[in-house]
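The values are calculated or read from the model by the stated rules, or taken from the named source; none is laboratory data. Values in this document were obtained by computation on a predicted structure and should not be read as measured data. All Cβ positions, glycine included, derive from the backbone under ideal geometry; neighbour counts span all protein chains shown.
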Amino acid sequence: MPAVNLRDPAGRELNLGALQGTPVLLNLWATWCAPCVKEMPLLDGVAADYDEQLHVITASQDMGSPEKVSAFFAERNLEYLEPWIDPQMELSEVLGGGVLPTTVLYDSLGREVWRVTGDFDWSSEEARTAIDEAMDPMPS
């Protein structure tokens, strides 16, 4: 998992590399991206369902004022996600492509185990199976 620093609108920082030890579902999105907007309530549901077992990190690729990300979260009542922002858009570069949304699932050892480009039904059985498999980092 890339050790990129994210920031929230209040200025708190999160180094993704520090999350090792718990699986991470990392989603790159933007407020102007219709498929991203469609996914956010589903990702909020994943965060609710997996609680402490999985970090669901949504990293905004929006440029400009962080207030637009705060407003987006407030308007949609996203209860379990935090409004993280990738201010230098490093993740788009590190993960390649820059297509939004892009979501990468990492196991607890920080290894990429699954990637989805474009919108996806995060409430689907396929999504839940992939997440459940990431909970156990040992190969089957």
TODO: Identify the residue in region 17-31 that is surrounded by fewer than 24 Cβ atoms within 10 Å (Cβ to Cβ) and among the hydrophobic types (A, V, I, L, M, F, W, C) and, among all such residues, is nearest to Pro101 (Cα to Cα).
DONE: Ala30
Open item on the list: So, Val113, is that one modelled with pLDDT of 90 or more, aliphatic (A, V, I, L, M) and in contact with a helix residue (DSSP H, G or I) (Cβ under 9 Å, 6 or more places away or on another chain) or not?
Closed with: yes
Task: Top-ranked residue of region 44-79 - restricted to ones that are outside any loop (DSSP other than H, G, I, E, B) and in contact with a Leu (Cβ under 6 Å, 6 or more places away or on another chain), ranked as surrounded by the most Cβ atoms within 10 Å (Cβ to Cβ) - done: Thr58
Task: Test set (1) in contact with a Ser or Thr (Cβ under 7 Å, 6 or more places away or on another chain); (2) on the phi < 0 side of the Ramachandran plot - Gly21 fails condition number - done: (2)
TODO: Please give the number of the condition Pro87 fails out of (1) under 14 Å from the mean Cα position of the chain (by Cα); (2) in a loop (DSSP other than H, G, I, E, B).
DONE: (1)
Task: Filtered residue count, region 93-127, keeping only those that are in a helix (DSSP H, G or I), farther than 19 Å from Leu19 by Cβ and in contact (Cβ under 8 Å) with a residue 40 or more places away in the chain - done: 1
Open item on the list: Which of the numbered conditions does Glu82 fail, given that it passes all the others? Conditions: (1) outside any helix (DSSP H, G or I); (2) surrounded by 18 or more Cβ atoms within 10 Å (Cβ to Cβ).
Closed with: (2)
